[in-house]
Every structure is written in C-alpha cells, then in structure tokens.
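Inspection log for the structure reproduced underneath, given as structure tokens.
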Amino acid sequence: MNKLNFNIWEEFNSSQIRLLLLSLLLLISCEVKDLERRRNEVINIEIDLDSFKEGKLSDLYDSIYYVLLKPDSINFLADPYKVKFYKNLIYIRDAFHNSIFAYDQKGNFQYRINSTGKGPNEFFTMDDFSINRDTIWIKDGVLKKEVAFSLTGQFLLEKANVFKRAMFYKGNNFNLYYLNNDPEFDFRILRKTAHEVNPYILRPEYLINNIFSDPVGFQSNKDMEVYFNLPNDYSVLKFDSLGFLDTQYVFDFGIKNFKFEDRFKLGEGIDHFDYSEENGLVESITSFLVLDKNYIIYIRRNDQNKEYILFNQEFSQSYKGKNLVNDLDFTPLNEMPWSSTGKEVVYLMNTSKFMSMSNLNEIKNKPGLKSNLNHFLNENSSNLTEENFILAFAKVKSKFNN
Amino acid sequence: MRKIAFIVLAFALVTSSQVFGQASLPGDEGGPRESPEQRRCPDGKIKTVCEPHDYLGCGDIKGCA
C-alpha cells in the first residue's frame, strides 16, 4: 500500500524534473504555435471602384480558345452548373439532370454519372460534387449520403452524410461544408473529420434558410489550400491544407457597400434592385477564382458596371479595370468568369446566345484574331445551330505569372 | 512505471484542451429543406429555383434573363 503514496519529488531527481518541465513547456508552446497558425486572421482589402478605368480583355488575357461541349445521341446538357478540370477531363454537374457529364479536352462526351434512384449505391439529388485522390464524391442532401465513383464513372462506395443541402469539399481526411444558413447550426461553415467538428463564421439571423448554390464552390490550389467565396458577403475564406480556417479576406468597397441589414430589409423585389442600381452598390463578389499565381475577382453591379480585379499571391492588386471590351476576337464575351484551370479563366455560354451575335460574320474574317474562332465555327457548324454549350478558355497574360 | 504513468497523465492534460474546445453536431432531424435556391446565371445575375426539381416538382420560378 505504501507504493500508492506517489510523490514525484521523490521519484525524480532534480535534473529529471528539469527535463520533464522543459518537455512540457515545449509541448505547450508547440500547441500555442499551432493555434496561432489557425488564428482565423481577418485581412481587410479596400477597393475604390470609382478609380477603375474602362479596359480591354487584352489587359488580362493573351488569347481565347473555344470548346463546344458536344452531345451524343442521348446525353445532352440541359443546365450545366459546376465545371471542374481534373486529369485531362472536364467534369460538369448538370443541375437539371442531377448528373455529372465528363468530356475530354476537345469537348467530346466521355461518360455520365446519373441519378438513378433512392436505393443502395444510388443517388437521387446532387447538392455538389468534389474530386479528391482520383475519386468523384457526390453529396445527396435528400438521401443524406455521399456516393463515390471512379474517374471512369464506376460506383465505388457510399457513406452516410447527415447534412442537408450543402456545398462541400472533400479533403484528405476532412470535409468542408457550406451549410446554406441551416437554422440547426449557428455557423455557416463546418470542417468535419471522423473525430472533430470545427465551426466557422457565425450565421446572422437575417440569413436563416438562405440557400445559395455557387457554380464555383470550394476551390483548392496546388498546395491544397482551399478557398471559398462566401455567399451574401464580401469575404473570401482561405483554409489551410488540413481544412482549418486560416484567413478571412474582407473586401471593403466603401460607399459602394450594400449594408447587409439594408438589403434584407428591402427584400428581393424591385425596391432592392432599384436602390442597388441607383447607388451602384456591390451585392456580393460575383465570382472569385483561384489561378496558379493569381486570384481574380469579378463584380457585376445592377447599374451594369462590371469590374475585374487581378490579385497576386500576396493579395496586392496587379490589375483593375471595368467593362472590358473584347479586343482579342471581338465577340461579346461579357459573361461571368465561371471556372478556372489555373492558367485560364473559363466562361460558359450557350450556343444560341453565341450565334446570335450580330457581328459574327463580320468579325470571323478579320485578320489577327487572337482566338480559334474561325476554326471553331467551321468545325462545329452543325452543332452550333442546336442548343448546346460552349466553354471559352481565356489564357491569363504571361506577365502576371512571373 | 510510475514515471511513465506520470508523463502520460501530463501529456493527456495538456492535449485535452483541444477536445474540450470541440463543437458537437445537432441531431439528424427533419427532411430536405424546401426553400427556394439562389443560383448564378452565366451572365452573373441570380435566378431563384425550387430544388430539387424532381423532389418538389415546381421547376424554375424565376429563370435567367
């Protein structure tokens, strides 16, 4: 029984105690350092939209390359939404069909992952999809599960997933969720692993049940850091490669900010639109894309102004311009930047809008076009007259990649 | 042996702060949300749709311009 009288001062000599205390101090300091690294730093970036000058697409891009997403006899896109590029294939979530369509780089249809039903190994709806380590993960908020497929479209496995409709990112051993302001949660973003849950960004009351599906969603860079353009906000969130929130970049447009309380008081009707239009206010960051060495922001305001801002990796502005005229091939490429390959900004448009360009016949014969427009029109003449979709790849100027 | 036990106990005390800081998930209650969903159109405008189409059967309520 004597042995139970445990006195550490008797058990350890003074040098051992010093060593032990030193080890504990080191352990504590490591943890503090680790917490500091995950400090949820907020960085404010001021943007004066009044200082933006009219610009040209050639300010940003070297050239444009068009690809028609060609249908086969039974597989045609109806409502293409999220577009991702992974290992030489183009993956597109079709929001109408609840399917993923895969195309090669020339736009030839490869295969389709279909919503087939509510049974085992099936999915019924698709909130979002994410590709990680050669596996395509589809999240189904109705059946509360996630279903995995190979890069050739073969079923691999399924798992339960408790979350309702959410945008999601599948990382290595963690998931990130944008919870669509679900009232069951006090936070807008969750990081979840098998063992822990980390909530981020408190949900304001006025956003409860506001559901927003962004065509870009979560994006990662080559270092596997993850970025997310927060809906109904002016923030871009950066997560480290383990999925912990690292930095919240908050963009401040000064007098062009649309106060969040005001916009929800005005509702979604004509009053909201008129107020925003009359004052040239910024509703949100329309598009934020991660490039290999840059970030690009596109803002579409209700007063018809459209601004582009290119940031370098330190989030310093390397280009800003508004209402860019397409001087590369003169097509009215005025859609929103929809996706990114890292080196190119990708736009999505339908063929009817493209072919309705009044000046198409005039511009296709112009010399010195910096695009494949002529070849594209000749090669796809039959498919362009039907309702199909086009991706336009705009190559970011090499001077921005140094 | 007791030295090892002491070191393990000290390590557990130091690392337990992470565990105490964790949030828990609410219970799995309720079905799919039946609110309209906002989406971007290719031109950057926002359209509002009822989703999922097949589940609610209401289709688009405000389409892209």
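Assorted remarks:
- Of A:Lys144/B:Lys47; A:Lys87/A:Lys256; A:Lys106/A:Lys192; A:Lys222/A:Lys364; A:Lys84/B:Lys45, pairs whose Cα-Cα distance is over 29 Å: A:Lys87/A:Lys256; A:Lys106/A:Lys192; A:Lys222/A:Lys364
- For segment A:195-291, applying the loop criterion from DSSP together with a ceiling of 12 other beta carbons within 10 Å to the trypsin sites (Lys or Arg not before Pro) yields A:Lys222, A:Lys259.
- Each of the peptides A:295-302, A:339-346 was scored by the mean count of other Cβ atoms within 10 Å over its residues; in descending order, highest first, they stand as A:295-302, A:339-346.
- Exercise: per-residue mean of other protein chain Cβ atoms within 10 Å, A:209-221: 3
- Evaluated at q = 0.07, 0.08, 0.09, 0.12 Å⁻¹: base-10 log I(q)/I(0), Debye formula over Cα of chain A: -0.40, -0.50, -0.62, -1.05
- Relative contact order (%) - chain A, alpha-carbon pairs under 8 angstrom, separation at least six: 17
- Ellipsoid equivalent to segment A:285-402 - semi-axes via the Cα gyration tensor, in Å: 27, 16, 14
- Highest mean first, the peptides A:379-386, B:36-43 sorted by other C-beta atoms within 10 Å per residue fall in the order B:36-43, A:379-386.
No lab work stands behind these numbers, since they all come straight from the coordinates. Predicted model only: the values in this text are computed from it and were never measured. Please note: Cβ atoms are built from the backbone with ideal geometry, for glycine as well, and neighbour counts cover all protein chains shown.
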